[in-house]
Amino acid sequence: LDFIKMKDEASFTHVSWVNKKLTFDVISSLKNDNGLTFMVPAVYEGLRVKKIGLDGIEARFITRSVKGSDYAFVSVESGIKHSIIVYY
């Protein structure tokens, strides 16, 4: 139930695509010990994710296939705002 509440309450703002970089802010004001995981396309316009920045620090991510498409999954601490940069 906590996961569903956090997922529904989470928001993505300031979404931008410039110079092969996807940038956005993500926030969920709900706190959860498991954190919040989001996914972004692992390949976009033929470009593969090279790295992901989380609040100015390189973040760990895993790539998984979902219904035939590859996504990069990143987990962040919940309850606070994070700035994300995805480098393709």
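Laid out as a table, the results:
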quantity: Any chance Asp55 is open to solvent by 60 Å² or more (accessible area, probe 1.4 Å) and at pLDDT 95 or above; calculated: yes
quantity: Matching residues, the stretch 16-29, being part of a strand (DSSP E or B), over 19 Å from Ser69 (Cβ atoms) and free of Cβ contacts under 8 Å to residues at least 40 places away in the same chain; calculated: Ser16, Val18
quantity: Residue list for the stretch 18-29, restricted to those being open to solvent by 50 Å² or more (accessible area, probe 1.4 Å) and either under 14 Å from the mean Cα position of the chain (by Cα) or within 14 Å of His82 (Cβ to Cβ) (or both); calculated: Lys21, Ile27, Ser29
quantity: First in the stretch 48-76 and more than 14 Å from Val86 (Cβ to Cβ), second anywhere and among the basic types (Lys, Arg) and assigned to a loop (DSSP other than H, G, I, E, B), Cβ under 7 Å, 6 or more apart; calculated: none
quantity: Residues located in the stretch 30-60, provided they are more than 13 Å from Val74 (Cβ to Cβ) and either assigned to a strand (DSSP E or B) or out of contact with any strand residue (DSSP E or B) (no Cβ under 9 Å at 6 or more places or on another chain) (or both); calculated: Lys31, Asn32, Asp33, Val43, Tyr44, Glu45, Gly46, Leu47, Arg48
quantity: Where Val40 falls short, out of the listed (1) surrounded by 14 or more Cβ atoms within 10 Å (Cβ to Cβ); (2) touching a Ser or Thr at 6+ places or on another chain (Cβ under 8 Å); calculated: (2)
quantity: Number of the exception - Ile4 against (1) touching a residue at least 12 places away in the same chain (Cβ under 8 Å); (2) exposed (fewer than 12 other Cβ atoms within 10 Å of the Cβ); (3) closer than 18 Å to Ser78 by Cα; calculated: (1)
quantity: Matching option when the condition is at pLDDT 90 or above, of a type in the set (Ser, Thr, Tyr) and surrounded by 12 or more Cβ atoms within 10 Å (Cβ to Cβ), among Thr63, Thr13; calculated: Thr63
quantity: Verdict on Val26 being more than 15 Å from Phe12 (Cβ to Cβ) and among the aliphatic types (A, V, I, L, M); calculated: no
quantity: Residue, most open to solvent (accessible area, probe 1.4 Å), within the stretch 70-80, restricted to residues that are modelled with pLDDT under 95 and touching a strand residue (DSSP E or B) at 6+ places or on another chain (Cβ under 8 Å); calculated: Glu77
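The values are calculated or read from the model by the stated rules, or taken from the named source; none is laboratory data. Remember, it's a predicted structure, so these values are computed and weren't measured experimentally. Neighbour counts run over all protein chains shown; Cβ positions are idealised from the backbone, glycine included. Keep in mind that these areas ignore ligands, DNA and RNA; they rest on the heavy atoms of the full protein, side chains included. Shrake-Rupley method; radii C 1.70, N 1.55, O 1.52, S 1.80 Å.
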